[in-house]
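Participant: Here you go, one structure.
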Amino acid sequence: MINIWKPGLLLSFSFNQFYEFTKVAKRLNFDKYFEYGPDGSRIVILSTPFPDICLKFTRAELNDFVHAIDEAMYMHKVYELVHG
């Protein structure tokens, strides 16, 4: 089980769900898909495997999120190597 924590939200994924979600998140092109939030800021919306739950990111938040996902994937690979 892999968890994603955001303020006020915890999403739990199976490994397969997480890998698929990771592919989508890393391909999300901010400049192509941004929209304006209620406060006028540029945001993108990322769907999750849970149909009624989407995540909202500014450009900086999306970059940080993708970086954190990369770190999680790396650590998962290390864990698999160590614990085979």
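Participant: Tell me the carbon and sulfur percent of the accessible area for the chain, rounded to whole percent, probe radius 1.4 Å.
Facilitator: That fraction is 57 percent.
Participant: Using Cα atoms only, what is the angle between the long axis of helix 15-27 and the major principal axis of the chain, expressed in degrees (0 to 90) to the nearest 10?
Facilitator: 40 degrees
Participant: Next question. Over the chain, give the accessible area per residue in Å² for a 1.4 Å probe, as an integer.
Facilitator: About 72 Å² of surface per residue is accessible.
Participant: Right, something else. With runs of 4+ DSSP H residues as the only contributors, calculate the mean residue ellipticity of the chain at 222 nm using -39,500 (n - 2.57) per run, divided by the residue total and rounded to the nearest 500.
Facilitator: Working: 3 runs with 42 residues, N = 84.
The per-residue figure over the chain is -16000 deg cm²/dmol.
Participant: With label points built 7 Å along Cα→Cβ from the Cα atoms of L10 and K77, find their separation and express it in nm.
Facilitator: Result for the modelled spin labels: 2.9 nm.
Participant: Tally Lys/Arg at +1 and Asp/Glu at -1 over every other residue whose Cβ is under 12 Å from the Cβ of Y19; what's the total?
Facilitator: With Lys, Arg at +1 and Asp, Glu at -1, the net is +2.
Participant: Ok, one more. Would you mind counting up the charge near K77? Only other residues with Cβ under 14 Å from its Cβ, with Lys and Arg at +1 and Asp and Glu at -1.
Facilitator: With Lys, Arg at +1 and Asp, Glu at -1, the neighbours total -3.
Participant: If you fit an axis through the alpha-carbon atoms of helix 59-83 and take the longest principal axis of the Cα set of the chain, what angle between them do you get, 0 to 90°, nearest 10?
Facilitator: Orientation of helix 59-83: about 10 degrees from the principal axis.
The values are calculated or read from the model by the stated rules, or taken from the named source; none is laboratory data. As the structure is a prediction and not an experimental result, all values here were calculated from the model. Heads up, the Cβs are rebuilt from the backbone with ideal geometry, glycines too, and the neighbour counts pull from every protein chain shown. Heavy atoms of the whole protein, side chains included, go into the accessibility calculation; ligands, DNA and RNA do not. Shrake-Rupley method; radii C 1.70, N 1.55, O 1.52, S 1.80 Å.
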